[in-house]
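Note sheet for the following structure.
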Amino acid sequence: MSSDLSTVATLVNDFTEEYRIKMETAVEKYFTDEYFDSLGGPLAMMQKQFASQAWREFYIGCLPPARQMTQIYEIGDPYFRDRDLIVGLGEQIRDEVKHAKIYASLSEQVGVPCDLAIWTDDNYDKLVTKCRLATEWEKPHHIAAGFQISTEIVAAETSRRMGEYVEGEYPEIAKTLFDVTADEGDHIHCGRLIVKRFAEVEDFDFMHEIAERKYKAALAILESL
Ligand SMILES: [Fe+2]
Ligand SMILES: [Fe+2]
């Protein structure tokens, strides 16, 4: 049993590290200064990206942890052993609502309306596909595999890259984007704890499959931006 626990811990570390590298590489490849320049510079980039980013923070940020809370309620020990997970997931939801609000109000500031109850765009079907692949799994560690410990890293990286790009002209906005990036580490940590608590060694093949599908969906969005 204890060797299984340490094997799971090693598997989680390897898993997170593999996707950290993959997601950083993908964001560096698609969110280049040249790409942002091709949109027309910092203002045009913000007008194009912020509303979509607000949607992602809200939907892809909140639905998976909300579902994980319910799943842990069903299969875990929500009032005793797993309280740290329930609290961590609640804090993640609070952060993602805050991030969505930040991006939505920045979007409005640059002249693009962003009411998330009605917002949509040309890529909406791709966004929904990505959100489903983060949310619609039966176990909390399955959701974590496709989200917190793999592709959620993309959220941290995209806000960092956008911040770096606008920093010269819009230092206040850049600072806000770097603050958003800083919150993401806690969410990845919460996902790692969930996997350590609920996953067995045998679950990791399926968890890799989930992460890979979600990674491809994330790439499809980056490629279509
Ligand atoms: Fe976020
Ligand atoms: Fe997050």
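The values are calculated or read from the model by the stated rules, or taken from the named source; none is laboratory data. In this text, all values refer to a predicted model and were calculated from it rather than measured experimentally. Note: ideal-geometry Cβ built from the backbone for every residue, glycine included; neighbour counts use all protein chains shown.
Here the condition is being acidic (Asp, Glu), under 19 Å from Tyr103 (Cβ atoms) and away from ligand 2 (no atom under 13 Å from the Cβ); of Glu209, Glu136, Glu164, it holds for Glu164 alone.
Filtered by the rule that a residue be small (Gly, Ala, Ser) and crowded, with 21+ Cβ neighbours inside 10 Å, the stretch 53-82 gives Ala54, Gly61.
Glu169 satisfies every condition listed in (1) over 18 Å from Lys48 (Cβ atoms); (2) more than 11 Å from the chain's Cα centre (by Cα) except (1). If only residues of the stretch 63-111 that are over 14 Å from the mean Cα position of the chain (by Cα) and polar (S, T, N, Q) are counted, the one that is nearest to Phe147 (Cα to Cα) is Gln68. Scanning the stretch 144-157 for residues that are in a helix (DSSP H, G or I) and buried (at least 24 other Cβ atoms within 10 Å of the Cβ) yields Ala144, Ala145, Gly146, Glu152, Ile153, Val154, Ala155.
Glu18 meets the conditions (1) under 30 Å from Glu169 (Cα atoms); (2) charged (D, E, K, R); (3) surrounded by 14 or more Cβ atoms within 10 Å (Cβ to Cβ) in every case but one. The failed one is (1).
Has the stretch 138-148 got any residue that is of a type in the set (Val, Ile, Thr), within 16 Å of ligand 1 (Cβ to nearest atom), farther than 16 Å from Ala26 by Cβ and at pLDDT 95 or above? Checked the stretch 138-148: at least one residue is of a type in the set (Val, Ile, Thr), within 16 Å of ligand 1 (Cβ to nearest atom), farther than 16 Å from Ala26 by Cβ and at pLDDT 95 or above. Looking at the stretch 180-200, I want the residues that are among the hydrophobic types (A, V, I, L, M, F, W, C) and have a partner that is crowded, with 23+ Cβ neighbours inside 10 Å and in a loop (DSSP other than H, G, I, E, B) with Cβ atoms under 6 Å, at least 6 apart or on another chain. Which pairs are those? Once the first residue is among the hydrophobic types (A, V, I, L, M, F, W, C) and sits in the stretch 180-200, its partners that are crowded, with 23+ Cβ neighbours inside 10 Å and in a loop (DSSP other than H, G, I, E, B) give Ile188/Gln148. Does Asp37 satisfy the condition of being more than 22 Å from Cys131 (Cα to Cα), out of contact with any Phe, Trp or Tyr (no Cβ under 6 Å at 6 or more places or on another chain) and in contact (Cβ under 8 Å) with a residue 12 or more places away in the chain? For Asp37, the condition - more than 22 Å from Cys131 (Cα to Cα), out of contact with any Phe, Trp or Tyr (no Cβ under 6 Å at 6 or more places or on another chain) and in contact (Cβ under 8 Å) with a residue 12 or more places away in the chain - is not met. Would you confirm whether any residue within the stretch 130-152 is touching an Asp or Glu at 6+ places or on another chain (Cβ under 7 Å), farther than 16 Å from Ala220 by Cβ and without any contact (Cβ under 8 Å) to a residue 40 or more places away in the chain? Yes, the conditions are met somewhere in the stretch 130-152.
Among the residues of the stretch 134-141, is any under 25 Å from Leu225 (Cα atoms), among the hydroxyl-bearing types (Ser, Thr, Tyr), within 19 Å of the chain's Cα centre (by Cα) and outside any loop (DSSP other than H, G, I, E, B)? Checked against the condition, which is being under 25 Å from Leu225 (Cα atoms), among the hydroxyl-bearing types (Ser, Thr, Tyr), within 19 Å of the chain's Cα centre (by Cα) and outside any loop (DSSP other than H, G, I, E, B), the stretch 134-141 yields at least one hit.
Restricting the stretch 171-195 to residues that are over 30 Å from Gly40 (Cβ atoms) and touching a His at 6+ places or on another chain (Cβ under 9 Å), the residue that is surrounded by the fewest Cβ atoms within 10 Å (Cβ to Cβ) is Val195. Quick check on the stretch 96-120: of everything there that is surrounded by 15 or more Cβ atoms within 10 Å (Cβ to Cβ), part of a loop (DSSP other than H, G, I, E, B) and aliphatic (A, V, I, L, M), which residue is nearest to ligand 1 (Cβ to nearest atom)? Checked the stretch 96-120; the qualifying residue nearest to ligand 1 (Cβ to nearest atom) is Leu116.
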